[in-house]
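Read the structure below first, then the notes.
Derivation of every value follows stated rules applied to the coordinates shown; laboratory data play no part. Since we're looking at a predicted model, the values are computed, not measured. Cβ: placed from backbone, ideal geometry, glycine included. Neighbour counts: every protein chain shown.
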Amino acid sequence: MLIIGERINTSRKGLHEAVEKKDEEFLKEIARKQVENGADYLEVNCGTRLEREVDDLPWLVKLVQETVDVPLSIDTPRPEAAEAALSVHKGRPIINSISAESQRYEKVLPLVKKYKSGVIALCMDDRGIPETAEQKFEVANNLRARLISDSVPEEDIYLDPLVQTVGSNQVVGMAVVEAIREIARSFPKTHISCGISNISHGLPKRKVLNRAFIVMCIAAGLDTGIVDPNDADLMQSIIAAEALAGKDDFCVRYIEAYRAGKIV
Amino acid sequence: MELVEEIKEGVIKGDLGVETKVADLVNKALEEKVPVATILREGLIAGMSVIGERFKKNEVYVPEVLIAARAMKSGTAVLKPLLADSDIEPLGTVVMGTVKGDLHDIGKNLVMMMLEGAGFNVIDAGIDVAPEKFIELAKENNADVIGMSALLTTTMPGMHGTIEAINGSELADKVKTIIGGAPVTQNYADEIGAGGFAPDAASAVDKTKELLGIA
């Protein structure tokens, strides 16, 4: 599974201030630690900086990429901030995100093409966030088809069926799982990504729910996760689930992780 | 009075839908000639306010708030036809919506539920609500408060736009505004001149009361 480390986000405790004060060492350490713990990509998000995001996001991109050798996921709904960040990024970035909402689609698509980036495609359109597996798949199907017809390579699309909290509606967990299953079956080359932790919003001991949910999603075909790589329990659940789901030939990665002391 | 206490406890415990205990208790209280206002205030609303306090302290969680709200609703449904004939007024009228360009509604719905539970008349403006729509609904319903929700940093300016539109309308001195949503802060509320800000659904009730000078 492609692990996108989620920790560099100014809505997390202390991060807004760190970006404001340009506390480079603090931020570099967060980047290093995530890569050490297995992140393939790092996400950068400084949405809470509002209009200063346009300056802060490219600054973060440069800072992180001079610290660790991984590409980044540029997380902003603001096209001008995304563009500023992409223009200084090295390697193949992922843009988080496009959706089927008309305005957002039209503004983000040119960036995806210009920077040949991967793109997380949120399964929502002008009607809102679909609730059932069927509706989620329908939006996913249309959005994917539209991206491909706009010449975005299939392998660069990461469909996100949009996870909402099971605390306020208990059917949404399985709706996501079933949507993942249907997308994976219909489009084996298209990636599927999720913001897993939304599932547990408003409930106690969220990590326990997140861990159980990611296992269910991996079983259904999830291949990309925006997660906290420093959560060792979560990471070993991912490795175990991938071995069990037949995604780990000869269980090599599981065994290696064990030898590295990551399976406990 | 024991019955009223039972109603309150019934709301706190919540209703999983297998039984309609609170509705039954309300019917029973009516048969015993307990005044409608007492059932509503000391039973149903009192129960919901206990849940609100516990939610603020993280002692209960979202699903427990939802089942309490459901229990309360089953009780108010029984009272509804009688409320028109009584002199019970709602605490005030709130128009609630998610601002233009934003399609998230979970948080907004939770706030609405808490406000209703506290005794407010709540009008749901829905999602993707333009400033004109907020104003139109507020006029139509003679609202005291307009509540706005935004989940995205890019749609937050919709709150600013709505507040400016309100200030430029005849509602300027009549309606208070309150804002909330994951990226929203007190700082932002001050910046755009919102009447109030609440970090969660339970505080939204306190803030709304404060804005209207209700103890």
Query raised in the report: Considering every residue in A:122-131, what mean count of other chain Cβ atoms within 10 Å of its Cβ is obtained?
Result: 2
Report summary line: For the protein assembly as shown, the charge dipole (Cβ of Lys, Arg +1; Cβ of Asp, Glu -1; about the Cα centre) points to a positive end, and the Cα of B:Ile146, B:His104, B:Ala77 closest to that extreme belongs to B:His104
Query raised in the report: With contacts defined as alpha carbon pairs under 8 Å and 6 or more residues apart, what's the relative contact order of chain A in percent?
Result: 15
Query - Cα-based shape type of the range A:2-259, given that a ≥ b ≥ c are square roots of the gyration tensor eigenvalues and the cut on a/c is 1.5 - result: rounded
Query raised in the report: How much net charge surrounds B:Ala204 when only other residues with a Cβ under 12 Å from its Cβ are counted (Lys, Arg +1; Asp, Glu -1)?
Result: 0
**Report entry** Built amide H within the under 5 Å cut-off of B:Ile123, gap 5+
**Finding:** B:Val94, B:Val95, B:Met96
Query raised in the report: For the range B:174-186, what does the Karplus curve 6.51 cos²θ - 1.76 cosθ + 1.60, with θ = phi - 60°, yield as ³J(HN,Hα) per residue in whole Hz, taken in order and with x for Gly and Pro?
Result: 9, 10, 8, 10, 9, 10, x, x, 3, x, 7, 10, 4
Report summary line: Once both label points are put 7 Å beyond Cα along the C-beta direction, the A:Leu203-A:Asp55 separation in nm becomes 4.3
Query raised in the report: Which one of A:Ile157, A:Ile129, A:Ile192 has the biggest mean-square fluctuation once chain A is modelled by GNM with Cα springs under 10 Å?
Result: A:Ile129
Report summary line: Computed from the beta carbon distance with a Förster radius of 51 Å, FRET efficiency for A:Arg32 and B:Glu31 to the nearest 0.05 stands at 0.15
Query raised in the report: Most mobile of B:Thr76, B:Thr153, B:Thr162 per a Gaussian network model of chain B (Cα springs, under 10 Å)?
Result: B:Thr153
Query raised in the report: Among rounded, prolate and oblate, which fits the protein assembly as shown when a ≥ b ≥ c are the square roots of the eigenvalues of its C-alpha gyration tensor, a/c under 1.5 means rounded, and a/b larger than b/c means prolate?
Result: prolate
Report task. Measure out, as a whole number of angstrom, how far apart the alpha-carbon centroids of the range A:164-188 and the range B:180-215 sit. Result -> 34
Requested in this report: Search the structure for amide H atoms under 5 Å from the amide H of A:Arg7, placed 1.01 Å from N in the peptide plane, and list their residues when 5 or more places away or on another chain.
Outcome: A:Glu43
**Report entry** Normalised contact order of the range A:1-111, rounded percent, pairs of Cα under 8 Å and 6 or more residues apart
**Finding:** 23
Requested in this report: Find how many whole Å separate the alpha carbon centroid of the range A:196-240 from the alpha carbon centroid of the range B:1-73.
Outcome: 36
Query raised in the report: What is the helix-to-structure angle for B:46-56, meaning the angle in degrees between its Cα long axis and the longest Cα principal axis of chain B, kept from 0 to 90 and rounded to the nearest 10?
Result: 50
Query raised in the report: On average, how many beta carbons from a partner chain sit within 10 Å of the beta carbon of a residue in A:74-81?
Result: 2
Report summary line: Over 30 Å (Cα to Cα) among A:Lys205/B:Lys133; A:Lys33/B:Lys100; B:Lys13/B:Lys108; A:Lys205/B:Lys209; A:Lys113/B:Lys100 -> A:Lys205/B:Lys133; A:Lys33/B:Lys100; A:Lys205/B:Lys209
**Report entry** Charge sum, other residues only, whose C-beta stays under 13 Å from B:Leu3's C-beta, Lys/Arg counted +1 and Asp/Glu -1
**Finding:** -4
Report task. Could you pull out every residue, at least 5 positions away or on a different chain, whose amide H is within less than 5 Å of the one on A:Asp160? Hs are placed 1.01 Å off N in the peptide plane, and Pro or chain starts have none. Result -> A:Ala121, A:Leu122, A:Cys123, A:Ser193
**Report entry** Per-residue average of Cβ from other chains inside 10 Å of A:198-205
**Finding:** 3
Report task. Give the order of A:Asp56, B:Asp173 when sorted by the count of other beta carbons within 10 angstrom, beginning with the fewest. Result -> B:Asp173, A:Asp56
**Report entry** Point-charge dipole on Cβ atoms (K/R +1, D/E -1) for chain B, about Cα centre, debye to 20
**Finding:** 200
Requested in this report: Counting only DSSP beta bridges with both residues in chain A, tell me the antiparallel percent, nearest 5.
Outcome: 5
Query raised in the report: Considering chain A as a Gaussian network with a 10 Å cut-off on Cα pairs, which listed residue, A:Gly195, A:Gly246, A:Gly167, attains the greatest mean-square fluctuation?
Result: A:Gly246
Query raised in the report: Rounded if a/c is under 1.5, else prolate if a/b is larger than b/c, else oblate: which is the range B:131-211, with a ≥ b ≥ c the root eigenvalues of its Cα gyration tensor?
Result: oblate
Query raised in the report: So what J values fall out for the range A:142-155 if you push phi through Karplus, 6.51 cos²θ - 1.76 cosθ + 1.60 with θ = phi - 60°, rounded to Hz, Gly and Pro as x?
Result: 5, 5, 5, 4, 5, 4, 5, 5, 8, 6, 8, x, 3, 5
**Report entry** Given charges at beta-carbon only (K, R positive; D, E negative), |dipole| of the range A:2-259 in Debye
**Finding:** 180
Query - Approximate spin-label separation B:Ile88-B:Glu5, in nm, with each point projected 7 Å along Cα-to-Cβ - result: 2.1
Report summary line: On the formula 1/(1 + (r/R0)^6), with r taken between the Cβ atoms of A:Lys116 and B:Ala165 and R0 of 30 Å, the FRET efficiency rounded to 0.05 is 0.10
Query raised in the report: So, counting K/R as plus one and D/E as minus one, what does the shell of residues with Cβ under 13 Å around A:Val54 add up to?
Result: -3
Query raised in the report: If contacts are Cα pairs under 8 angstrom and at least 6 residues apart, what is the relative contact order of the range B:72-152 in percent?
Result: 40
Query raised in the report: Hey, if you put +1 on the Cβ of every Lys and Arg and -1 on every Asp and Glu Cβ in the range B:2-83, which of B:Thr38, B:Val60, B:Val26 ends up farthest toward the positive end of that dipole?
Result: B:Val60
Report task. Let me know the charge dipole size of the range B:93-211 about its Cα centre in debye, to the nearest 20, where only the beta-carbon of Lys, Arg (+1) and Asp, Glu (-1) is charged. Result -> 80
Query raised in the report: ³J(HN,Hα) across the range A:215-222 via Karplus (A = 6.51, B = -1.76, C = 1.60, θ = phi - 60°), whole Hz, x for Gly/Pro?
Result: 5, 4, 5, 5, 4, 7, x, 4
Query - Degrees separating the helix B:62-83 axis from the principal Cα axis of chain B, which is the longest one - result: 70
Report task. Between B:Ala77 and A:Asp23, with labels modelled 7 Å along Cα→Cβ, what's the label distance in nm to one decimal, could you check? Result -> 5.2
